[in-house]
Structures are given as structure tokens and as C-alpha cells.
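Report on one structure; see the data block that follows.
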Amino acid sequence: MNLSLLSSLSVHNLAAVLDGRQDCVLGGSLIALPAKVTEAFAWPQQRLRAALPGLAEDSINELWLADTPCQSGESAGLRWRRSASVLFGVIELDESEFPPREGSSPLQDASAEAYRRIFSLLDSQQLPHLWRVWNYLAEINAETAGLERYRQFNIGRQDSFLEFRRGATGNVPAACALGVAGGPLSIAFMAGAHPAVPVENPRQVSAYNYPTEYGPRSPIFSRAVLVYPPGQEILFISGTASIVGHQTVHPGDLVGQCRESVANISAVLDEANRLACSAPFVLSELSYRIYIRHAADLARVRDALPALIGVEAAVVFVQADICRLDLLIEIEAFASHPRGVADGQPEK
Ligand code: 3EB
């Protein structure tokens with residue numbers, strides 16, 4: 001197996017967990033409030049400035065591991081590592097370095113520039129296919145100069161997709177976009193030699209087709225992607241919320257939003273399974289990251305979940321702001337299946 005996720009690690013015993021495999025780490029994410037972030041890492045590491053409600057640890061680490069030693073590089077705010085067929089990178093840009101200008105905002109410009117640098121890197125590394133993007137920004141729901149910051153981000157993101165002739169519909173990466181407790185615009189991304197297979201949700205309007213009531217430019221992401229490192233079939237499910245069609249449902253109803261989000265993930269799984277070539281993906285095998293707007297809601301989410309996704313599912317809870325003010329929860333997920341000649345499954 002080529003690519004694996006080591007989840008819910010303590011930063012204090014990484015060396016023991018890695019057991020000499022440091023060279024094979026593609027990168028990772030560290031979830032911790034700013035004051036708790038002190039470690040330096042030898043790989044691109046997304047620092048998610050967020051609290052972990054309900055955990056004894058004050059920070060946790062997740063690592064992406066390849067099965068061969070990686071090459072790395074660094075340029076202008078961007079760090080990356082790659083194996084032969086997969087690249088993981090993190091770019092952090094400080095909005096204050098983008099002077100205000102007519103017709104734009106510092107966040108819009110920083111977002112466009114971040115994606116430009118990502119696309120340039122992927123082109124030069126000849127791993128052009130963007131699979132999965134994790135977007136985090138401060139004050140995501142705040143309005144500046146008459147436009148919500150999430151909407152400013154969406155303009156910059158779409159501009160770069162169009163500028164690099166990548167298309168803003170159809171074959172676009174899985175993603176999430178959340179508000180965190182300050183810091184720079186932070187974008188982590190995974191890309192590969194092979195194209196991702198996008199998966200949409202028949203219960204939802206594709207995000208890239210959202211009407212303009214959600215902002216002047218649509219968000220660019222697919223509901224999920226299937227990707228194919230050698231010998232593997234991986235499913236990345238984007239941040240998924242209580243949205244049916246394009247509208248928020250169950251406003252103010254936490255458990256209702258929880259159920260609807262899982263119903264959406266279930267519908268995405270059904271779609272993915274129509275396209276998948278390994279065994280069917282099921283809710284109980286997924287690794288989840290669940291973003292909760294209000295940490296005080298954790299207990300009720302925890303109570304509702306087992307009946308929805310199964311008792312054995314792996315879950316990390318993160319306090320973060322969801323990109324619509326009426327959304328209380330957003331859920332993303334990951335799973336990996338082996339795929340190979342032994343299963344009678346052709347390489348894609
Ligand atoms: C939604 O379905 C909820 O802007 O990259 C989910 C996943 C959401 C990704 C993004 C936004 C993004 O519209 C929000």
C-alpha cells in the first residue's frame with residue numbers, strides 16, 4: 001500500500017510511532033490552539049488553529065505516510081514533499097502582505113495567489129492532478145467591505161482555477177473550508193500523477209453550481225473524489241453539511257443537522273460505490289473529522305453519532321466555524337481500500 005493516514009497521534013511520541021519511517025512522511029496536520037503549537041517538523045505540517053473539545057490531549061497530529069522515501073522542496077510560503085506519484089503540500093500566506101486595492105480584498109488576493117502557487121508547483125512537479133484541499137482562514141463569517149470573508153476566498157479560488165485553465169466545474173478536487181482562531185490563510189493539498197474521479201451528491205446541487213445568493217462566485221469543490229495511487233483506491237469525502245439542494249436545512253437544530261450531514265455522506269458513498277472498483281465503502285469504516293461550531297454541542301453530537309455512523313468509526317472533533325452562519329456542524333471523511341491483480345481488479 002502506497003499512502004496511509006496515521007490519525008490521532010500525540011505529538012510527544014511521533015518518533016516511536018514512525019519507528020524510522022520519517023523519510024516516508026509526506027506531511028501532516030497539527031490541530032491545536034496557537035499557544036500549544038511549539039514543535040518544529042521536518043515535513044510540511046498544516047497548523048490548524050482550533051480547539052479539540054473533549055480530548056485529554058491538548059493537540060493531535062495526523063500524518064500522511066508513503067511507502068518509499070520522499071523528496072521535498074520549499075518556496076515562498078509553500079512546503080511540499082512527494083513520492084513518485086503523490087505530493088502533499090502546505091501554503092500559508094499572511095493577508096497583511098496583500099495591500100488593499102480597488103475591486104478586491106487582501107483575502108481574495110491571498111487566496112488567488114495561494115492557488116496560483118499550488119498550480120504552478122503541480123505543473124512543474126508533473127503531478128498536475130489536484131485531489132484534496134484543506135482550506136482554513138480566520139474570521140470566515142466576518143463581513144469586510146460588504147462581503148463575507150468566505151465569499152472573498154471563493155472569488156480568489158475561482159479566479160486561479162480559471163487562470164490556470166483548470167475549469168471550475170466537473171473535475172475539481174474534494175475540499176473543506178473552515179474558520180479557525182486567527183493566523184494566516186492556510187491551505188494543505190494533495191495531488192497525484194493520476195486524475196481523481198469526482199463524485200457528486202444527487203441530494204445536493206453541486207457546489208460549483210450554487211446560485212449567487214451564496215456569493216458572487218461559487219465554491220470550487222466536488223462532494224468527494226476517488227483517487228488511485230498504485231495498488232489503492234482512496235475515497236476523500238469533502239466537508240459535508242446539512243444542505244439539501246442548495247439550502248441549509250434544520251437551522252438551529254443540532255441533531256437534525258447531524259443526521260442530515262450523515263444522510264448526505266451516505267448518498268455520496270452510494271455514488272462513490274457505483275464508480276469504485278474495490279469493495280464497497282461503508283459508513284462505519286471511514287475516518288471522520290467533525291467540525292463543530294460550538295464546543296458546548298460536543299456531548300449531543302457524541303450521543304447522536306454511534307447510531308448514525310456505527311460505534312467503531314474513528315472520529316476527531318474540532319471546534320471551527322462553518323462557512324455558513326446557520327450551519328452548526330460539518331463532517332469530512334477518508335477511507336482507503338487495497339486494489340490489485342489479486343482481487344481481479346484492473347489498474348485504473
Ligand atoms: C457546503 O456544502 C458546505 O468551500 O471548499 C464544504 C466543503 C463546504 C468545502 C469549500 C465548503 C467547502 O457548501 C461548505
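Filter the GluC sites (Glu not before Pro) in the range 275-338 down to the DSSP loop ones having no more than 13 other Cβ atoms within 10 Å, then list what survives. Spell out each step's value before the answer.
Details: sites: GLU285, GLU312, GLU330, GLU332; in loops: GLU312.
Filter output for the range 275-338: GLU312.
Centre-to-centre separation between the Cα atoms of the range 79-96 and those of the range 196-247: 22 Å.
Put a dot 7 Å past each Cα toward the Cβ at ALA16 and SER120; how far apart are the dots in nm? That separation, rounded to one decimal, is 4.4 nm. The H on the amide N of VAL318, modeled in the peptide plane, is under 5 Å from the matching H of ILE290, TYR291, ILE292, each at least 5 residues off or on a different chain.
The ranking of ARG300, ARG203, ARG165 from fewest to most other beta carbons within 10 Å of each one's beta carbon is ARG165, ARG300, ARG203. Coupling constants for the range 54-59 follow from the phi torsions by the Karplus curve (6.51 cos²θ - 1.76 cosθ + 1.60, θ = phi - 60°), and in residue order they are x, 10, 6, 5, 8, 7 Hz; glycine and proline get x.
Modelled this way, with points 7 Å down the Cα-to-C-beta line, the labels at VAL282 and THR144 are 4.8 nm from one another.
Kirkwood radius for the range 179-329, taken over all pairs of different Cα atoms as the inverse mean of 1/r, rounds to 16.6 Å.
Here ALA263 and LYS36 are evaluated by their C-beta separation; at R0 = 35 Å the FRET efficiency comes out at 0.50. Restricting the trypsin sites (Lys or Arg not before Pro) of the range 41-135 to loop positions (DSSP other than H, G, I, E, B) with no more than 10 neighbouring Cβ atoms within 10 Å leaves ARG101.
The listed peptides 70-77, 102-109, 5-12, ordered by packing as a protection proxy, come out as 102-109, 5-12, 70-77 (highest mean of other Cβ atoms within 10 Å first).
Once C-alpha pairs closer than 8 Å and six or more residues apart are averaged by separation and normalised to the residue number of the range 4-343, the relative contact order reads 16 percent.
Separation of the range 261-338 from the range 155-191 is 21 Å, based on Cα centroids. When the alpha-carbon atoms of the range 238-302 are used, the pair Rg, Dmax equals 13.3, 41 angstrom.
Please report the antiparallel percentage of the DSSP beta bridges confined to the range 1-121, to the nearest 5. Don't jump to the answer; show the numbers that get you there.
On the way: 22 of 27 bridges.
Given both bridge residues lie in the range 1-121, the antiparallel proportion sits at roughly 80 percent.
Near HIS129, the amide H atoms lying under 5 Å from its own belong to GLY192; only residues 5 or more places off or on other chains count, and H is placed 1.01 Å from N. The order of the peptides 228-239, 212-223 by mean Cβ neighbours within 10 Å, most packed first, is 228-239, 212-223.
Mean projected area of the Cα convex hull of the range 249-348, taken over all directions, amounts to 7.2 nm². Go ahead and collect, in residue order, the members of the range 48-81 whose backbone nitrogen is under 18 Å from a label point 7 Å along the Cα-Cβ direction of SER4. Residues 61-70 fall inside that zone.
So what is the relative contact order for the range 85-137, in percent, with contacts set as C-alpha pairs under 8 Å and at least six apart?
Values: 23 pairs, mean separation 16.6, N = 53.
Relative contact order of the range 85-137: 31 percent.
Pairwise Cα distances in the range 122-176 exceed 12 Å in 73 percent of cases.
Counting 0.36 nm for each residue step from ASP94 to HIS246 and taking away their Cα separation leaves a gain of 51.6 nm.
Once both labels are positioned 7 Å from their Cα atoms along Cα-to-Cβ, the gap between GLU312 and HIS194 label points is 2.6 nm.
Give me ASP94, ASP58 ranked fewest to most by other Cβ atoms within 10 Å of their Cβ, as a rough exposure proxy. Don't skip to the end; give the middle numbers.
Numbers: ASP94 12, ASP58 15.
The most exposed by this proxy come first: ASP94, ASP58.
Under the Kirkwood approximation for Rh and a Cα-based Rg, what ratio Rg/Rh is obtained for the chain? Please report the intermediate quantities before stating the final value.
Values: Rg = 18.9 Å, Rh = 20.3 Å.
Taking Rh as the inverse mean 1/r over Cα pairs, Rg/Rh reads 0.93.
FYI, it's all coordinate maths here, none of it is from the lab. Please read these numbers as outputs of a predicted model, since none were measured by experiment. Reconstructed Cβ throughout: ideal geometry from the backbone, glycine too, with neighbour counts over all protein chains shown.
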